[in-house]
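Heads up: the structure comes next, in structure tokens.
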Amino acid sequence: MTALLLLASLASVLAEDQVPLTAPTDIWTTLSTRFGDRAVKAAPFAEPCFTNITSPECLSVQELYQNEKTRTAQASGYTWGQWETCQKTGAQCLLDFAVPTDPAAASAPNTCERGSIPDYFIDVRGPEDVIGAFEFSKETGIPLVVKNTGHDFKGRSSGRNSVALWTHNLKDISYDPAFVAEGCTDAYPGVTAAAGVQFFEAFQFAEEHNITLVGGSDATVGLTGGFTMGGGHGVLSPVLGLGVDRVLQYKIVTPDGKYRTANACQNEDLFFALRGGGGGTFGVVLEATILAGPAAPVQVLVLTWPPTARSPARTEALWSLISEHMIEWADAGWGGYTMPELALFVTQRLSKEEAEKSMAPLLAFGESLKAEGVEGAMAMTMEFPSFLPFFQSFMTDAGGNAGAGKVGYSVSLTSRLVRRSSFATAASRKELVDALMAASGLPAPDAPLMIIQITGPTATRAGDLAPGRTSVTPAWRDAVYHVTSMGMWNWNATKEDITGVYDRTSRLMDHVRKVTPDSGAYLNEADVYEPNHEVSFWGDHYPELATIKMKYDPDRLLDCWQCVGWNPDSERYACYL
Ligand SMILES: Cc1cc2nc3c(=O)[nH]c(=O)nc-3n(C[C@H](O)[C@H](O)[C@H](O)COP(=O)(O)OP(=O)(O)OC[C@H]3O[C@@H](n4cnc5c(N)ncnc54)[C@H](O)[C@@H]3O)c2cc1C
Ligand SMILES: *[C@@H]1O[C@H](CO)[C@@H](O)[C@H](O)[C@H]1NC(C)=O
Ligand SMILES: *[C@@H]1O[C@H](CO)[C@@H](O)[C@H](O)[C@H]1NC(C)=O
Ligand SMILES: *[C@@H]1O[C@H](CO)[C@@H](O)[C@H](O)[C@H]1NC(C)=O
């Protein structure tokens, strides 16, 4: 090794490991001097209850504890309890999720600890804030985190002893029916949304402008943050593609301090990496322009029976029936979800009459349930004039307080993509349904919450998509199912309980992994401890992504759990189990 190289590698070792952390008062002084009132100190959501459990501030926290809209509007608010805690040490500041008014969690000897909540947040208002934060991190060695809504399932938007760039207040959104990406020539209808825009805002905007945007099932996830950079799927994805398929342009500050435009005509390598490589890795996105689809009526099939009539045999019959027709439905543009007592199918591609005809087998299944006397069973088709009224009827409302919209507990998610080949023959379908039944954990009363998301890009047409390459795992390209399953725990679970829930949900998904050896998983909704994660999330794109990471972030100023080019030995991960 030449002396020069030796010196360079020594310098990088020093830069990574030996920069002394400044005292907290210095950090705060520096941040507030440089960023003014955009520098914010951490304030755990439940803290007022640890201060005074009968105060009006605490009563308000108790009332809104499970409300995701409230949580996502606060710098220190996270969707899933555990990412506010330090799982390794048990340091936390949580209430009882099930009964937030239960005083036990906030009473002595429990104290309010910051856990994994970053010490400070910078309320980002423009590229200069991000450039300044990268300089600050490089000078001090203090880790940076990027936080948008705090929805992340893998803790990638929190981190102990860090400073977070908080993008929530970047809310601009506009529509240009003939948007031309900088340096390109072709025009597309494009919505330019700043990094803090959330789906409830984006869907409302789309409705007002008579267009359609691909989004997820949840009103408060961000449109252009982790969702789009990681893949982004929704019920319209079979026809309109994944979120990444519709990005026309990103504006981003890369860790070298440059504000860049990435699209199909410039910084193409970065553009490729940002379309599936994952959030929090290649820089901080300030805005994205997304290809808008035409507005169209939404056809819906809903088949359901009450959980009181739960029966594994009935679920198996439903999932077998769906698997028989699935390829035909996927090609016709149907997306949706199925759960042990639910099938919800959605498309904008068919007329009401075509939809009824196509879904006849499920309507007949519903009739057979009624004939059997299953109380509360129903199956029907419906038509909505556009996406927003469908979303408001079936998905989490922006109030975030109904049904699935409840958040604030702790979860272990796991998932697997199921490709077309699994549906090819009667034998492969049986193998798949058997694996799904085993993975469901039914009939155990504490079976995890299983949702088979039928959101792969199965019926997309090239002309419907934005130009340029994407970096999601190739398994997404012919995925029909994205199978997810979720275990949960409350504030007083022990470390052993928590490890047990993580292990159990992951082991159940092994049944599906075993029958889909050549597939992968969706990185935004994957196991925290995803086996062989590079291959699982990115397939053969990984080496190229790792090269792009090193090009734009050689000092690894950004680093997150199982992200491209991560350093698993970093102190950042001291709170993971
Ligand atoms: C209730 C619920 C429902 C969901 N439904 C769906 C669904 O239907 N379809 C789907 O595809 N996904 C879904 N998700 C998963 C969701 O896409 C991920 O949680 C995603 O990471 C959220 O991104 P965020 O920016 O809103 O959240 P955050 O937790 O704030 O950020 C997530 C990651 O992106 C990074 N990041 C955020 N903003 C930026 C930025 N501007 N620049 C650089 N990095 C950034 C963060 O550092 C972090 O790594 C759901 C999640 C939840 C909790
Ligand atoms: C707690 O809040 C209640 C209601 O505002 C108030 O009456 C009480 O004095 C407070 N207790 C303390 C110790 O501050
Ligand atoms: C909305 O868009 C659709 C599809 O492009 C079009 O057919 C319809 O006329 C538009 N409606 C209005 C009110 O502009
Ligand atoms: C956790 O607390 C709840 C109520 O606060 C209680 O019902 C439950 O038994 C406790 N669980 C454990 C594991 O201590």
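The values are calculated or read from the model by the stated rules, or taken from the named source; none is laboratory data. On a predicted model such as this, the values are computed, not experimentally measured, just so you know. Because the Cβ atoms are built from the backbone with ideal geometry, glycine has one as well, and the counts that use them run over all protein chains shown.
Taken together, the residues in the range 399-421 that are at pLDDT below 95 and either buried (at least 19 other Cβ atoms within 10 Å of the Cβ) or assigned to a strand (DSSP E or B) (or both) amount to 5.
Screening GLY216 against (1) more than 17 Å from ALA296 (Cβ to Cβ); (2) surrounded by fewer than 17 Cβ atoms within 10 Å (Cβ to Cβ) leaves a single unmet condition, (2).
A quick yes/no check of all residues on (1) assigned by TED's automatic domain parsing to the domain that holds TYR522; (2) modelled with pLDDT under 95; (3) of a type in the set (Asp, Glu):
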{"residue": "GLY278", "(1), (2), (3)": "no, no, no"}
{"residue": "VAL302", "(1), (2), (3)": "yes, no, no"}
{"residue": "THR308", "(1), (2), (3)": "yes, yes, no"}
{"residue": "THR338", "(1), (2), (3)": "yes, no, no"}
{"residue": "ALA355", "(1), (2), (3)": "yes, no, no"}
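If you go through the range 238-252, how many residues are in contact with a strand residue (DSSP E or B) (Cβ under 6 Å, 6 or more places away or on another chain) and surrounded by 24 or more Cβ atoms within 10 Å (Cβ to Cβ)? The total comes to 8. From the residues in the range 23-36 that are at negative phi and without any contact (Cβ under 8 Å) to a residue 60 or more places away in the chain, which one is surrounded by the most Cβ atoms within 10 Å (Cβ to Cβ)? The selected residue is SER32. Collect the residues in the range 183-202 that are crowded, with 24+ Cβ neighbours inside 10 Å and within 16 Å of ligand 3 (Cβ to nearest atom), keeping them in residue-number order. Correct list: GLY190, VAL191. The number of residues in the range 253-269 being farther than 20 Å from THR192 by Cβ and buried (at least 19 other Cβ atoms within 10 Å of the Cβ) comes to 1.
Residue-level check: of (1) buried (at least 23 other Cβ atoms within 10 Å of the Cβ); (2) under 30 Å from ALA46 (Cα atoms), GLN562 misses just (1). Just one residue in the set ALA296, ALA288, ALA313 is within 25 Å of ALA178 (Cα to Cα) and surrounded by fewer than 20 Cβ atoms within 10 Å (Cβ to Cβ); that residue is ALA296. Residues in the range 443-464 that are crowded, with 24+ Cβ neighbours inside 10 Å and in a strand (DSSP E or B): ILE452, GLN453, ILE454. Scanning the range 276-298 for residues being in a strand (DSSP E or B), under 19 Å from PRO467 (Cβ atoms) and within 16 Å of ligand 3 (Cβ to nearest atom) gives a total of 3. Looking across the range 168-186, the residues that are more than 25 Å from the chain's Cα centre (by Cα) and of a type in the set (A, V, I, L, M, F, W, C) come down to ALA178, PHE179, VAL180, ALA181, CYS184. Residues in the range 54-72 that are assigned to a loop (DSSP other than H, G, I, E, B) and either touching a Leu at 6+ places or on another chain (Cβ under 8 Å) or surrounded by 15 or more Cβ atoms within 10 Å (Cβ to Cβ) (or both): TYR65, GLN66, ASN67.
Any residue in the range 89-106 that is assigned to a helix (DSSP H, G or I), crowded, with 24+ Cβ neighbours inside 10 Å and more than 25 Å from the chain's Cα centre (by Cα)? Walk me through how you get there before you give the answer.
First pass over the range 89-106, keeping only residues assigned to a helix (DSSP H, G or I): 103-106.
Applying the additional criterion that residues be crowded, with 24+ Cβ neighbours inside 10 Å yields 106.
When the remaining residues are screened for being more than 25 Å from the chain's Cα centre (by Cα), the result is 106.
Yes: one or more hits.
Summed over the range 242-262, the residues that are closer than 18 Å to GLY232 by Cα and either more than 22 Å from the chain's Cα centre (by Cα) or of a type in the set (Gly, Ala, Ser) (or both) give a count of 1.
Of all residues in the range 402-453, which are out of contact with any Asp or Glu (no Cβ under 6 Å at 6 or more places or on another chain), over 22 Å from VAL528 (Cα atoms) and of a type in the set (A, V, I, L, M)? If the condition is that a residue be out of contact with any Asp or Glu (no Cβ under 6 Å at 6 or more places or on another chain), over 22 Å from VAL528 (Cα atoms) and of a type in the set (A, V, I, L, M), then ALA402, ALA424, ALA426, ALA427, LEU432, VAL433, LEU442, ALA444 are the ones that fit. Here are ASP540, ASP527, ASP478, ASP553: which of them is touching a Pro at 6+ places or on another chain (Cβ under 8 Å), surrounded by 15 or more Cβ atoms within 10 Å (Cβ to Cβ), touching a residue at least 24 places away in the same chain (Cβ under 8 Å) and of a type in the set (Asp, Glu)? Just a single option satisfies the conditions, and that option is ASP553.
Residue count for the range 355-389 under the criterion of being part of a helix (DSSP H, G or I) and closer than 27 Å to THR308 by Cβ: the result is 12.
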